[in-house]
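Enquirer: Shown below is the structure under consideration.
The values are calculated or read from the model by the stated rules, or taken from the named source; none is laboratory data. Keep in mind the model is a prediction, meaning the values are calculated, not measured. Cβ placement follows ideal geometry from the backbone for every residue including glycine, while neighbour counts extend to all protein chains displayed. All accessible areas refer to the heavy atoms of the entire protein, side chains included, with ligands and DNA or RNA removed. Shrake-Rupley method; radii C 1.70, N 1.55, O 1.52, S 1.80 Å.
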Amino acid sequence: MELTDVITTEDEETFLRLAGSIEAASEHPIARAVALGAEEREVTLERPTGFVNHTGRGVQGTVDGHDVVVGRHTLLTDLGLTVDMSLVATAADLEQEGKTVFSVGWDGSARGVIAVADTVRPTARDTIRHLKQLGTRVAMITGDNQTTADAIGRLLGIDDVVAEVMPGDKAAHVERFQSQGLSVAFVGDGINDAPALTQADLGMAIGTGTDIAIESGDVILMSGDPALAGTAMKLARTTFRTIKQNLFWAFVYNTAMIPLAAAGIVNPILAAGAMATSSVSVVTNSLRLRRFQP
C-alpha cells in the first residue's frame, strides 16, 4: 500500500506528523503505509501516548498534547469530533477512484483526510480467471469501504464483494457461504484471517503472512503470491483424479483374476502376477504427477 493523497486545512507537515505518529503505533498494513508515506516526505514522527485501537474503525492517541483520531469519519463523530461535510464529499470522491480513505482530527474537529491505494498485483486478473476456469466462484471479503471494494472487484472480475467487514466477522461470512451448500476455500495472511482459515473447508495461508495465520491454514502457499491458490487447487484435483484411476485399475486386476483363480479356472500364479501388475500400474500412473505444470 502507498500513501497517495493528503488533503488538509492545516499545515501539511503538522498534519502528517500527528497522523503518521499515531499510525506508526499500529501494526495494520494501511497504518504502516501512512507512517512510511509521512517519513518519505521527511516528516519526523513521535511516539504517541494513550494509544487506543478501535478494531476495524481506526486509532487514537496523544501527540504533542493533542488527542488525535485517525479512522472512518463515523469514528470521529462517535468520539465527539466535528466532521465538515466537505471532507466527507472529498473522501467519497477519492473512494470512487478505488482508494481507501481515512479522516484525521484533533482538538474537537476533523482536520483533513488521507488516502492510500493498494497496488493490484500483475498476476491478479490471471489468477482469478484461472480460478473461474476451474469452476470456482470467487469472492473478496474485506474491511475496506464498499465503494473501494466494488471498484477493485470490477477491475478484477470478482463475483462477490463483501466489504466493510469487521475483523472478527470474516469467519461468519465464510459460514454464510457454507450455509448455501458451498465448499469454501479461504486464502488469507493476517491475524484477523485466522478464524476464517479455520472455519473454511480449506484454509490456504500465505507463507509470508503472520504466524497465527500459517498455523491455522491447511495449505501453506510458500511465496507471497496468491496465484499459487489456483495452482494448489489444480494439483489437488489432478492428484485426486490419479487416486481414483489407481483404485479403478487395482480393482480391475484383482477382482478379475482372484475369483477365476479361486474357481480353478486360471493358475493362482497368474492371479499373483496380476496383483503385482496392478501395483506397477498404480506406481507408474502416480509418477505422471511429476510432469504437473503450474
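Enquirer: Need one word for segment 129-214: rounded, prolate or oblate. Basis is the Cα gyration tensor (sqrt eigenvalues a ≥ b ≥ c); a/c below 1.5 gives rounded, then a/b vs b/c decides.
Expert: Rounded.
Enquirer: So which lysines pass the test for Lys244, namely a Cα distance under 29 Å, with those fewer than 8 places away in the same chain ruled out?
Expert: Lys132, Lys234
Enquirer: Once you mark the GluC sites (Glu not before Pro) that are in a DSSP loop and have at most 16 other Cβ atoms within 10 Å, what is the longest gap between them in the chain?
Expert: Details: sites that count: Glu10, Glu27, Glu42, Glu46, Glu97, Glu164.
The longest uninterrupted stretch comes out as 165-294.
Enquirer: Under DSSP H, which helices of the chain have Cα atoms covering 30 Å or more of the helix axis and a Kyte-Doolittle average no less than -1.0?
Expert: Answer set is 228-262.
Enquirer: A further question follows. Normalised by the number of residues in segment 1-159, what is the relative contact order in percent for Cα pairs under 8 Å and 6+ residues apart?
Expert: So the answer I get is 22 percent.
Enquirer: Stokes-Einstein D for the chain at 10 °C, 1.306 mPa s, Kirkwood Rh over Cα pairs, in µm²/s?
Expert: Stokes-Einstein gives a translational diffusion coefficient of 70 µm²/s.
Enquirer: Please list Ile269, Ile243, Ile114 in order of solvent-accessible area, largest first, computed with a 1.4 Å probe with all protein chains present.
Expert: Ile269, Ile243, Ile114
Enquirer: Here is a follow-up. Quick one: grab the alpha carbon gyration tensor of segment 1-96, order the square roots of its eigenvalues as a ≥ b ≥ c, and give me rounded if a/c is under 1.5, else prolate or oblate depending on whether a/b is larger than b/c.
Expert: Rounded.
Enquirer: Can you list the trypsin sites (Lys or Arg not before Pro) in segment 187-294 that are in a DSSP coil and have 16 or fewer other beta carbons within 10 angstrom?
Expert: Filter output for segment 187-294: empty list.
Enquirer: Next question, about the same structure. So how exposed is Asp118, as accessible area in Å² (1.4 Å probe, rounded to 10)?
Expert: Using a 1.4 Å probe on the heavy atoms, I get roughly 90 Å².
Enquirer: Also: Accessible area of Met222, 1.4 Å probe, to the nearest 10 Å²?
Expert: Only protein atoms counted, so the area is about 150 Å².
Enquirer: Counting Lys +1, Arg +1, Asp -1, Glu -1, what net charge surrounds Thr14 among other residues with beta carbon under 10 Å of its beta carbon? Kindly include the intermediate steps, with their values, before the conclusion.
Expert: Details: positive: Arg17, Arg111; negative: Glu10, Asp11, Glu12, Glu13, Asp64.
Charge balance in the 10 Å sphere: -3.
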